[in-house]
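Working notes for the structure below.
The values are calculated or read from the model by the stated rules, or taken from the named source; none is laboratory data. Since the model is a prediction, treat every value here as computed from it, not as a measurement. Using ideal geometry, Cβ is built from the backbone for each residue, glycine included, and neighbour counts are taken over all protein chains shown.
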Amino acid sequence: MYIIIIGAGNVGYNLAKLLSYEKHDLVIVEKDSTRFTRAMESLDAQVIQGSGSSYRTLEKAGIRKADMLVAVSNHDEVNLLSCLMAKGYNVSRTIARVQSREFIHEQSPLNAKKLGIDLLIHPESEAATGAIHLLEQSAASHLIEFAGGRIIVLGVQVDRDSDILHIPLYELTRKHPELRFRTVAIQRNELTKIPGGNDMFMPNDRAFVAVDKDNVAGLIDLFGKENRSIDNVMILGGGQTGYLIAKQLERKCNVKIIESGGEQSEQLAEQLKKALVIKGDGLDYNLLALEGIIDMDAFIAVTGDDETNLVASLMAKHLRVPKIISLINKTEYAPIIPTIGIDAFISKQMLTVNGILRFIRRGQIAGVASLPGTPVEAIEFIAREGSKILKKPLSKTKFPKNVILGAVLRKDDVFIPIGDTVIRAGDKVVTFAFPSAIHELEKMFD
């Protein structure tokens, strides 16, 4: 496809990097000179300096032959206007990132349907949903759903005293036939690998495991973890993400939200029905102690500053809060999060990229997500008649390097594919691959 991306910030940059592996024709439009230079030097794409709201710039970018325009600049007006102009040039699909919640409400006079934009994506809503999912599975560091929620990908930290250390993965699977699971990636320090049967877990590994939804509890038990009841939650940061999390949680939890801005605190107090809003500095140790942080079941840091979120999360860790979730905006921080002892993180940028990729890869692809902090992508394919993947058992099928099939949903049955498995038309197959292998993998399901 010929795709124009407006904006080369974290979202646009990472989206272009992933799409470039798949041999799309990419053109990036970026006004800021620093981001323009970065994209020029490191992305396999044509980069044009200019504004996405300029029709002259769009024409220079090839808007007349574009199949899709994705507008992810930092300005809602630019994103919306560029999508509207793209429709004027008969671009078939348009996507806009918006920071204002007003544009995603059905009753808004300017929502996606009324504007004719195919997808409006709101990063703060994506981040809030991600945080809620992690609280629901408090033993996990990450949670991604596939196949309508029947297949779960869990990120789990491997403890130093775990019973599953130094056991080959094939033996671990053989010893627990009652659990339908497969380890699809292991993050060790800053390196990530897609493991084979002879690989083993080492202390402090972060494992990503595909598992039948019905076996999640058993898998968590296998890792020596347990899901705790989350009744008391402290949130640092009263921006859109913090507000959306508090709004969902206050119905069933005791919520305290700390916000340093006076005007923002007052607005939160008016908007939230049950949550307690506290005006103060979330890095003030005495304030945290006074507000009972040691009695919290979870601490969620979602300010707009990564360093504040990480330091506050480490303070909560020191005070033995059982579940800690930190928001990061700089994706460069993702690989180091496990090494500094933070349980889990959410990234608005990567969640937004995942949402856009899900839309771009419609058809035989039903879902897509990046495994946080790793280069591995999870892709849910729907096998269709005529696909190459259907012709013979998996053991006799040549797969690209750095690819693994995690789980399959066939009608109502979830199973882990093995060598003599033959994929059938209609199967939902959750695969895991490094970006360099995705293009070849997609051909197998084409």
Problem set entry | Looking only at the stretch 274-302, and only at residues there that are in contact with a Leu (Cβ under 6 Å, 6 or more places away or on another chain) and farther than 15 Å from ILE230 by Cβ, the one that is surrounded by the most Cβ atoms within 10 Å (Cβ to Cβ) | ALA301
Exercise. Can you name the residue in the stretch 248-273 that is surrounded by fewer than 17 Cβ atoms within 10 Å (Cβ to Cβ) and of a type in the set (Lys, Arg) and is also farthest from the chain's Cα centre (by Cα) among such residues?
Worked result: LYS273
Exercise. Which is of a type in the set (D, E, K, R), at pLDDT 90 or above and either closer than 16 Å to SER326 by Cα or under 13 Å from the mean Cα position of the chain (by Cα) (or both), of GLU124, GLU145, GLU171?
Worked result: GLU124
Exercise. Restricting the stretch 213-271 to residues that are among the polar types (S, T, N, Q) and without any contact (Cβ under 8 Å) to a residue 40 or more places away in the chain, which is nearest to LYS323 (Cα to Cα)?
Worked result: ASN254
Problem set entry | Evaluation of ARG320 against (1) buried (at least 20 other Cβ atoms within 10 Å of the Cβ); (2) closer than 17 Å to ILE230 by Cβ (one fails), failing number | (1)
Exercise. Out of all the residues in the stretch 224-238, is one or more outside any loop (DSSP other than H, G, I, E, B), touching a Phe, Trp or Tyr at 6+ places or on another chain (Cβ under 7 Å), among the hydrophobic types (A, V, I, L, M, F, W, C) and closer than 23 Å to ILE340 by Cβ?
Worked result: yes
Problem set entry | Unique match (being at pLDDT 90 or above and of a type in the set (Phe, Trp, Tyr)) among PHE345, PHE359, PHE299 | PHE299
Seminar exercise, completed: Inside the stretch 1-23, the number of residues satisfying the requirement of being in contact with a helix residue (DSSP H, G or I) (Cβ under 7 Å, 6 or more places away or on another chain), among the hydroxyl-bearing types (Ser, Thr, Tyr) and not in a loop (DSSP other than H, G, I, E, B) is 2
Exercise. In the list ALA71, ALA86, ALA66, ALA61, which residue meets the criterion of being within 18 Å of ASP25 (Cβ to Cβ), touching a residue at least 40 places away in the same chain (Cβ under 8 Å) and either outside the structural domain of ASP32 (by TED's automatic domain parsing) or touching a Cys at 6+ places or on another chain (Cβ under 7 Å) (or both)?
Worked result: ALA71
Exercise. If you check GLY197 against the conditions, is it closer than 30 Å to LEU409 by Cβ and in contact with a helix residue (DSSP H, G or I) (Cβ under 6 Å, 6 or more places away or on another chain)?
Worked result: yes
Seminar exercise, completed: ALA210 vs (1) under 24 Å from ILE342 (Cβ atoms); (2) in a helix (DSSP H, G or I): all pass except (2)
Exercise. When you go through (1) in contact with an Asp or Glu (Cβ under 6 Å, 6 or more places away or on another chain); (2) modelled with pLDDT under 75; (3) within 15 Å of PRO123 (Cβ to Cβ) one by one for ILE328, which number turns out not to apply?
Worked result: (2)
Exercise. Of the residues that make up the stretch 333-353, is at least one over 21 Å from the mean Cα position of the chain (by Cα), among the hydroxyl-bearing types (Ser, Thr, Tyr) and surrounded by fewer than 22 Cβ atoms within 10 Å (Cβ to Cβ)?
Worked result: no
Exercise. Which ones in the stretch 253-303 are of a type in the set (Gly, Ala, Ser) and in a loop (DSSP other than H, G, I, E, B)?
Worked result: SER260, GLY261, ALA275, GLY280, GLY282, GLY292
Problem set entry | Matching option when the condition is without any contact (Cβ under 8 Å) to a residue 60 or more places away in the chain, outside the structural domain of PRO177 (by TED's automatic domain parsing) and not aliphatic (A, V, I, L, M), among GLY426, GLY406 | GLY426
Exercise. For the stretch 9-27, what are the residues that are over 19 Å from the mean Cα position of the chain (by Cα) and crowded, with 21+ Cβ neighbours inside 10 Å?
Worked result: LEU26, VAL27
Seminar exercise, completed: Per the list (1) farther than 24 Å from SER33 by Cα; (2) in contact (Cβ under 8 Å) with a residue 60 or more places away in the chain, residue check on SER100 breaks on (2)
For this session: Would you mind stating whether ASP427 is farther than 30 Å from VAL311 by Cβ, out of contact with any helix residue (DSSP H, G or I) (no Cβ under 8 Å at 6 or more places or on another chain) and at pLDDT 90 or above?
Result: yes
Problem set entry | Total residues in the stretch 161-198, condition β-branched (Val, Ile, Thr) and either surrounded by fewer than 16 Cβ atoms within 10 Å (Cβ to Cβ) or in a strand (DSSP E or B) (or both) | 5
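Table: residues versus (1) among the charged types (D, E, K, R); (2) assigned by TED's automatic domain parsing to the domain that holds ALA140; (3) in contact (Cβ under 8 Å) with a residue 24 or more places away in the chain.
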residue: ASP163; (1), (2), (3): yes, yes, yes
residue: LYS175; (1), (2), (3): yes, yes, no
residue: ARG182; (1), (2), (3): yes, yes, yes
residue: ASN189; (1), (2), (3): no, yes, yes
residue: THR192; (1), (2), (3): no, yes, yes
residue: GLY196; (1), (2), (3): no, yes, yes
residue: ARG206; (1), (2), (3): yes, yes, yes
residue: ALA210; (1), (2), (3): no, yes, yes
